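Below you'll find the structure, written out as structure tokens, and then a few comments.
Here, each number is a calculation from the coordinates, and none is a lab measurement. Keep in mind it's a predicted model, so treat the numbers as computed, not measured. Note that we place each Cβ from the backbone using ideal geometry, even for glycine, and neighbour counts take in every protein chain shown.
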Amino acid sequence: MSKEYIVIPMGDPSGIGPEISVKSLAKEKVYEKANPVLVGDKKIIEKAAQIVKAQVEINVIDNLEDGDYRPGVINMFDLDNIDMSTFEYGKVQAQCGQAAYDYIKEANRLCTEGGAAAMTTTTINKEALKAAGINTLGHTDILSDLTGVKDPLTMFQVKGLRVFFYSKHVPLRKACDLITKEGIKKYVHLMIDALGTLGEDHPHVAVAGLNPHCGEHGLFGDEEVKYITPAVEELQAEGVDVSGPIGADSVFFQALHGKYDGVLSLYHDQGHIATKTVDLNRTVSVTHNLPYLRTSVDHGTAFDIAGKGIASEVSLDEAVNVAAEYASAFAKKQRN
């Protein structure tokens, strides 16, 4: 099996991103399925390696094919953009916000022009980005701006459970108001397309109910009656293999155990609770509709423990593993 390149921007230098990057890339297992490459500042990575006591060689490269992809070697693109005389761990700093943005921008270039199939992002800090004058304050917004993709689709994966989100960062009241028949149909088709890029050629998906017991025929809310059920019925008439609405108290459990290849969560916390209850540390975010595959850790910069060497790399391990798992299928679909 050919191994694809996975690019990892190291995140805000003042946070735990550099430490978990070194810990993760020091492991032999990560090189079994992929060729991982770090984008960051060599000085910060050297410091992180000292902090976590990792015996690694840092190999600065200019092209992906120049890397030495074997355990014990961290191949990286060194942007050399941190002034160590003013650098501090655990602090909001404009230079760190700018640096984190620059790492993402370079990683995006490597994915769109340099031959990488996937990007695995670590952690950035919104306040640091703002201090640097950057108005796109999250990974998804930044990547949307850099690629011109206006409607990226978010999927969470943990073990066998894959959850897509109809809406994300909106108030719950607004999330309910956003439910429409055409919206449900649109997102189910997006799910089907996304799962296809991951190698699921004939996925069976489900739509979660919005209200308790899916509204009990209008007794506890009428969104299922007015919008969700009609959308599912029309999709089924089109030949789409979709079920629903199915009560949110059971559909995620069923998908975890293999009944469905994906579930459409109708608001932010509905899907977040379902996945993170299965395993908080191994829940991975996957962004679809970009020109490349993107996975991400699902935690923050943890300024309170940055520089102490105690941050867990488990989430990054899993995010790189998911990227490696899907990268070949994704790259094959894109190249065809």
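Exposed loop positions in the chain were taken to be GluC sites (Glu not before Pro) whose DSSP state is not H, G, I, E or B and which have at most 14 other beta-carbon atoms within 10 angstrom. Between these positions, the longest stretch is 114-237.
Using 23 Å as the Cα-Cα cut-off, could you pick out the over-long pairs in 150/186; 42/105; 91/174; 27/332; 91/159? Result: 91/174; 27/332; 91/159 exceed 23 Å.
When both bridge partners sit in the chain, DSSP labels roughly 30% of those beta bridges antiparallel. DSSP finds beta bridges in the stretch 154-276, and of those with both partners inside it, around 35 percent are antiparallel.
Mean sequence separation of contacting Cα pairs (under 8 Å, at least six apart), scaled by the length of the chain, corresponds to a relative contact order of 24 percent.
Listed values (i) 18.8, 68; (ii) 20.6, 65; (iii) 19.8, 61 include one computed from this model; for Rg and Dmax of the Cα atoms in Å that value carries the label (ii). Please identify which residues in the stretch 1-23 have an amide N closer than 17 Å to a label point set 7 Å out from the Cα of residue 46, following the Cα→Cβ vector. Zone members listed by number: 18-19, 22. Stretching the chain fully between residue 2 and residue 180 yields a gain of 59.8 nm (0.36 nm per residue, less the alpha carbon separation).
The aspartates and glutamates within cross-link reach of residue 181, meaning a Cα-to-Cα straight distance under 14 Å and a gap of 8 or more places when in the same chain, are 222, 223, 224, 233, 234. Note on the chain: with a GNM built from Cα contacts shorter than 10 Å, the maximum mean-square fluctuation among 245, 291, 212 falls on 212.
Fully extending the segment from residue 149 to residue 234 would add 27.8 nm, taking 0.36 nm per residue of separation and subtracting the current Cα-Cα distance. At what distance in nm do the modelled label points of residue 305 and residue 216 sit from each other, each positioned 7 Å from its Cα along Cα→Cβ? Result: 4.4 nm between the two label points. The shape of the stretch 30-141 comes out oblate: with a ≥ b ≥ c from the C-alpha gyration tensor, a/c is at least 1.5 while a/b does not beat b/c.
Taking a ≥ b ≥ c as the square roots of the eigenvalues of the Cα gyration tensor, an a/c ratio of 1.5 or more together with a/b no larger than b/c marks the stretch 100-200 as oblate. Taking a ≥ b ≥ c as the square roots of the eigenvalues of the Cα gyration tensor, the stretch 209-336 is oblate, since a/c reaches 1.5 or more and a/b is not larger than b/c.
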